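See structure below.
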Amino acid sequence: MRRSRAFSFPAVAFSSLTWVILLSAAAVIFVPIAFMAGASLMNSADIMQMPYGWLPRSPKWANFLQALAGNDGQWIFPRNILNSLVVSLSIAASTVFLSALTGYGLAKFRFRGRNTVFMGIMATMMIPFETVMIPLYIIIVRLGLQNSYGGLILPFLMNAFGVFLMRQYLLSFPSEMLDAARIDGCSEPRIFFSIVFKNAGPAAATLAILAFRQQWDNLLWPLLVAQSEEMKTIPAYIVKFAAEKSSDEGAMMAVAAIASLPVFALFLTLSKYFLGGASVYSAGKE
Amino acid sequence: MNKGRSGESLERKTARWGWFFVAPGVLFFSAFSLYPILNAFWTSFFNKKLLSLKPPKFIGLDNYGKVLSSPDFWNSVGATAIFAAGAFVPMFLLSLLFAVLVTSRTRWRRGIQMALYSPAVLSSVVAALIWLLMFDPRGLANQMANALMRTPGIDHKWLADATMVRISTIVVYVWKYVGYFTILFVTGIGKIPQSVNEAAVIDGANAFQRFFRITLPLLKPTTVLVSVMILIQCLKTFSTQYLFTQRGAPLGPINVLTLNIYNTALRDQNLGRASVMAVLLFAFMLLLSWTQIRFSRSGELES
């Protein structure tokens, strides 16, 4: 009989092996993040010291000051942080709103061409941004929007995945509620705003966080569109700061830590939307 | 008759409102997806310079010929292929392993998932920057590698040697995304009905048999999906290579297609040739997506 029992020796060995692998994997994966946090408060001699001491001997807060002021003392990074916030938050808001609008139209109305519209929007998911970035850049230049918030935001106002997510969510929204509102003489736009949009909470939160993170991470587009230092976003500033030979290692990690704080704060408070967002994506692609 | 007519008008009315709600989306995707992709194809047939006032000249397939016969392009194809293959294998195997182990436990499941996922929360540039310092000759990567391999005092040239810099970019990527794909596998495993596994336990199947005979076959749609997503993700890599080369790492070994497109368009200002590479990248990704749709369909039919 090869039947496994609850407390047999192989079962216990197997279970402890599982724990050893999982915990060491989690620890190893966490090492670089711990390194960033520690090194952001160390002086560069200690960061590059052999053997490496993990904890700062006395926290060097000047790193953060230098990160914010920059090597040239122009204090451009705070402006870049503001840019990242403006761009990411506007795109998160517009993605949720416009995706809900389109998703609602596709989920709750029957009209000719509806399937074509839906399939057409879904097909755009296959277009890599790298393929369309040059035509997009030329559009932005023609509109005179280079080096402006408009140029940074416009191509990302909404995305196909958002439409998909909202449509799926609203398909299960009770149509009786909409009909009841229509009988009461409620106008269609008002039905959307006061009934549909108000109840799109969980899908909206998942989508907003996804859109925010994508833009917080976006390097390629700001490199193209933001020519002046004032209009750069955080990733573009990081590349510039890291490329400067005079940059102090501790200050580099302070920059990294500052860039990571908002997303980590979101992650720790709303982790279910992060982990859920990942799986929603897989459901969408299947 | 009367009733029929009012039904018809109601239908027409809902159709109008349907278009009303869909219109902003249709406009947006026409302007910012459909037009640009057509424009990219169109531009690939022209001799077009960025910010040039001269009207672009139609040169047919000339750009394609030039790109396909340039060693620089094939070097990029090679760099991208090595990166994608090198990142795919560890990423796929590790995320599958972690997912199977995570789902076999009930305690601390969320905490471990969050720890594995945490690098995916960071920006790609931040991830690359952290590793940039760890890969410094005096940095942590050398110390750890030497401690593991018992080779004190050796510099592995993580950012200077051609092979090592390829490995370094792969390490950054696997580290950043392994947790993300673990979560996808966890979701996929969660969809497998528990009863099948329980039946197998009663029949005396051990853990390995259950994994290879039950979990793996039933996980096929997720496996195909994750494989394609990893590959597409790897083809789109840009930030790590860009940052590393900005800090003086050799360009050749890590000049992946996206970086080459960027440099050809912005540094060389040659939009025609950049568009050719962009179109070829698109064609390849389309092929991957098509494979995924085909395979997951056949998976559905079998089950």
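Derivation of every value follows stated rules applied to the coordinates shown; laboratory data play no part. Every value quoted in this text rests on a predicted model; they were computed, and no experiment measured them. When we count neighbours, we look across all protein chains shown, and the Cβ atoms used for this are built from the backbone with ideal geometry, even at glycine.
Using the alpha carbons alone, the radius of gyration of region A:198-238 stands to its Kirkwood radius in an Rg to Rh ratio of 1.19. Over chain B, what relative contact order in percent results from Cα pairs under 8 Å that are six or more residues apart? Reported relative contact order: 29 percent.
Normalised by residue count, the protein assembly as shown yields a Cα convex hull volume of 202 Å³ per residue. Taking Lys and Arg as +1 and Asp and Glu as -1, the other residues whose beta-carbon sits under 12 Å from that of B:Thr80 total +1. Counting lysine pairs in chain B that sit 8 or more residues apart in sequence, or on different chains, and whose Cα atoms lie under 17 Å apart gives 8.
Here the Gaussian network model covers chain A, with springs between Cα atoms less than 10 Å apart; of A:Thr95, A:Thr124, A:Thr18, A:Thr18 fluctuates the most.
Which translational diffusion coefficient, to the nearest whole µm²/s, is obtained for region A:9-67 from the Stokes-Einstein equation, given a Kirkwood hydrodynamic radius over C-alpha pairs, 37 °C and 0.692 mPa s? Translational diffusion coefficient: 239 µm²/s.
From its DSSP helices (H runs of at least four residues, each -39,500 (n - 2.57)), chain B gives a residue-normalised ellipticity at 222 nm of -24000 deg cm²/dmol. Largest GNM mean-square fluctuation across B:Asp203, B:Asp268, B:Asp161, computed for chain B with C-alpha springs under 10 Å, falls on B:Asp203.
With the convex hull of the Cα atoms taken as the outline of region B:85-254, the averaged projected area works out to 11.4 nm². Lysine pair count for chain A with Cα-Cα distance under 30 Å and sequence separation of 8 or more or different chains is 11.
A simple count of charges around B:Phe185, restricted to other residues whose Cβ falls under 13 Å of its Cβ and scoring Lys, Arg +1 and Asp, Glu -1, yields +2. Restricting the calculation to alpha carbons of chain A gives Rg and Dmax of 24.4, 77 angstrom.
Legend: calculated FRET efficiency, A:Glu244 to B:Leu148, from the Cβ-Cβ distance at R0 = 30 Å, rounded to 0.05, equals 0.35. Taking only alpha carbon atoms, region A:1-121 gives an Rg to Rh ratio of 1.27, where Rh is the Kirkwood radius. The calculated FRET efficiency for the pair A:Leu145 and A:Ser16, based on their C-beta separation and a Förster distance of 60 Å, comes to about 0.50. In plain terms, the C-alpha convex hull of region A:133-219 casts an average shadow of 7.5 nm² when viewed from every direction. Pick out, in residue order, every one of the trypsin sites (Lys or Arg not before Pro) in region A:11-95 that is DSSP loop and has at most 12 other C-beta atoms within 10 Å; say none if there are none. Loop-located and lightly packed - A:Arg57.
Projected onto their three principal axes, the Cα atoms of chain B cover extents of 86, 68, 31 Å, largest first. The mean sequence distance of close C-alpha pairs (under 8 Å, at least 6 residues apart), as a share of the length of region A:9-67, puts its relative contact order at 28 percent. Build a GNM of chain A with springs between Cα atoms under 10 Å apart, and of A:Leu266, A:Leu17, A:Leu136 the one that fluctuates most is A:Leu17.
Averaging the sequence gap over all C-alpha pairs within less than 8 Å and six or more residues apart, then dividing by the number of residues, gives region B:85-254 a relative contact order of 36 percent. Distance between the 7 Å Cα→Cβ label points at B:Asn206 and A:Trp61: 5.9 nm. Legend: helices of chain A (whole DSSP H runs) are marked when their alpha-carbon atoms reach 20 angstrom or more along the helix axis and their mean Kyte-Doolittle hydropathy is at least 1.6; marked are A:9-39, A:249-269. Modelled spin labels at B:Lys191 and B:Ala81, positioned 7 Å past Cα toward Cβ, are 3.2 nm from each other.
The Cβ shell under 10 Å around B:Val102 holds other residues with a net charge of +3, Lys and Arg each +1, Asp and Glu each -1.
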